[in-house]
Structure formats: C-alpha cells, structure tokens
Amino acid sequence: MSKPWIELKEARGKIVKQMTVAFDPDYNAVEVEFTDGTCMAVDVVPAVKIRPQFQNIKTGDTKILRTYRKHITVAGEVV
C-alpha cells in the first residue's frame with residue numbers, strides 16, 4: 001500500500017532561512033528557502049475530483065450499478 005504523503009528528502013536536515021506563501025493568479029506555492037542557498041517550492045494546484053457513478057434510483061434507495069474506475073480531475077490530469 002502506498003503512503004498517503006510524499007517525503008521531500010532533499011529538505012531533510014536543512015536549516016530554514018525563510019518560508020513564504022506565493023499568491024498569484026497563475027501561480028500559488030509554498031516556498032521554503034534554506035540557509036545553504038537552496039529552496040523547496042511546492043506548487044498548490046486547486047482541483048476538483050469527480051467520480052462518475054451509474055445508479056438505480058427507482059425504489060427510492062440508491063443502488064450503485066457501476067462506479068467508473070477513472071476519476072476526472074478538473075484543472076489537472078485524469079487520474
């Protein structure tokens with residue numbers, strides 16, 4: 001089972017000089033600048049995930065007939 005997080009190993013053990021949050025209409029990111037002159041930037045990409053389902057609602061109780069395997073992500077790639 002994969003981890004529900006990503007470890008950014010390049011930042012391990014570094015000393016933080018400054019941390020900023022960049023807001024721009026085309027670019028949103030968290031940037032961590034280190035004392036050794038390197039920087040870790042994490043882009044923030046807003047998205048909506050859609051999981052299509054085909055359902056039977058005749059009886060008043062919803063019965064899922066099919067859940068589609070692919071998810072659709074708006075403002076990104078198909079996952």
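Computed from the coordinates by the stated procedures, all read-outs in this text should not be read as laboratory data. Keep in mind that this is a model prediction, so the values were computed, not measured. Neighbour counts are summed over all protein chains in view; Cβ atoms, including those assigned to glycine, are modelled from backbone coordinates with ideal geometry.
Within region 22-38, residues that are under 17 Å from Ala11 (Cβ atoms) sit with their Cβ atoms under 7 Å from residues that are part of a loop (DSSP other than H, G, I, E, B), at 6+ positions apart or across chains, in these pairs: Ala29/Val44; Val30/Val44; Phe34/Lys14; Phe34/Ile15; Thr35/Ile15; Asp36/Lys14. The set of residues in region 5-32 that are outside any loop (DSSP other than H, G, I, E, B), farther than 15 Å from Val45 by Cβ and hydrophobic (A, V, I, L, M, F, W, C) comprises Ala11, Val16, Met19, Val32. Within region 17-59, restricting attention to residues that are touching a Phe, Trp or Tyr at 6+ places or on another chain (Cβ under 8 Å) and more than 22 Å from Arg69 (Cα to Cα), which residue is surrounded by the fewest Cβ atoms within 10 Å (Cβ to Cβ)? Per the criteria, the residue is Asp43. When residues in region 47-60 are screened for being assigned to a loop (DSSP other than H, G, I, E, B) and either under 28 Å from Thr73 (Cα atoms) or touching a residue at least 40 places away in the same chain (Cβ under 8 Å) (or both), 4 of them pass.
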